[in-house]
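Written out below as structure tokens is the structure these notes cover.
None of the figures in this text is laboratory data; all of them are computed from the coordinates on show. Computed from a prediction, not measured in an experiment: that's the story for all the values here. We place every Cβ from the backbone using ideal geometry, glycine too, and count neighbours over all the protein chains shown.
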Amino acid sequence: MIKHYFILTFKALRHRPIRSWLTVAGVVIGVMLVVVILSLGSGIKNVVNNLMAQFGSDYLIIFPGKETNPFASIMGMQKFRESDLMDLEKIPGVKLVLPMDVAMVNLEYRGEKKTARIQGGSWDGVIGLFESSKGVKLDKGSWPKSGDNGVAVLGYLVANQMFKNKITVGEDIIIKAKRMRVAGIISKIGAQDDDNSIYVSPSDFRMITGLKPGAMTAFVKIKPGFDINLVALQVRSRLERQEVVREFAVLTPETTERLAGSVLSIIELVFMAIGLISLLVGAVGIMNSTYTSVLERTKQIGIMKAIGASDEAILSLFLIESGMIGLVGGFIGVLVGVLLSAMVGFAADFAGYKGLFSFAVLDYFGLLAILLFTFVVGIFSGILPARQAARKSPMEALRYE
């Protein structure tokens, strides 16, 4: 009997292919979003953690604004006095302090113009921070010496992908009308902002940008053997004495990881909500399609009842039909979601972000659970129209035109 139900269901779906596929599409979109979120969610967190691990676990990041809003310093253009930041080196446990200023500038190379991110900081501080970090080193060239001006160190993407021709060590580039010699090229870090940055001395930064002295952010390196959380409290206490920036954040790697995880969790929840809304829309579409099918097949229902079909048989027929729409939508959604996730992961691997695509959360049992869920959603969506079809009297159904 079940076999006949499925045969009738496939015939009914083939009879109205356009409407059936449009109904399936609503389920496909919702399932696809859920699969992408689950398969990429853990991978994104792993990539973020790996990027932060490259810089070690012994440094602090300081910037103006609230801890939960690291963009306040950029939007508000707040800056610390460099003297206030360098005063932090007096704290026991602080190895070095690197004040940094950031701006976007026009960059020209062999007649081709682009926009790049320029960072100004002392060469001793930059070398001390980068050379002690894991996986961060010069790919070509050498670091400038303290006090060297008119030279720049390029991020990996600036040197190798920003222009048609790769920039090599010893060549000149023009940064906002100032000619600078390329002293070195940093190996790929994996963070877009860092790989797209140009590093210059503080004096060159002020000359190029025309900005007033100051630092938009700062890195604080901690000496081995000191408690980073205790040093962070001392840094905060010392900075509270300065009067230029009244609201600021002091981030440890642990805090940074937690904030990144919170942001990613919010993004996951938003997309998951979008996926569930899409599934809800798909469920409404299944219900609407099943109601329309009941109206179109009223006479067929009457004939089936006239030859002995029970109410349960009619109910089962339409429930299986609505369930099959949900199951087909779920199956296609899973395939599209996995394929899209794999493509994103492949593109991320090519860009240097390894391990983005992961089945750590979504495994084969998870995929089967999604298919079962969509089948159940389809059945529940078809309950009301299926009950309406089962309750039709044979005489009224046969007279329906």
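Observations on the structure shown:
- When the charge dipole of the range 79-244 is built from unit charges on Cβ atoms (+1 for Lys and Arg, -1 for Asp and Glu) and taken about the Cα centre, the candidate among I174, Y199, I222 whose Cα reaches farthest toward its positive end is I174.
- Loop-located chymotrypsin sites (Phe, Trp or Tyr not before Pro) in the range 205-274, at most 16 other Cβ atoms within 10 Å (DSSP): F226
- Packing-based exposure ordering (other Cβ within 10 Å, fewest first) of M86, M272: M272, M86
- Full extension of the segment from S83 to E131, taken as 0.36 nm per residue of separation minus the current Cα-Cα distance, would add 14.9 nm.
- For the range 197-247 versus the range 128-174, the gap between their alpha-carbon centres in whole angstrom: 22
- Among R110, R117, the ranking by other beta carbons within 10 Å of each residue's beta carbon, starting with the fewest, stands as R110, R117.
- Under the simplified labelling scheme, the F346-E112 pair shows an inter-label distance of 2.6 nm, with each label point 7 Å from Cα along Cα→Cβ.
- Burial ordering of I118, I332, fewest other beta-carbon atoms within 10 Å first: I332, I118
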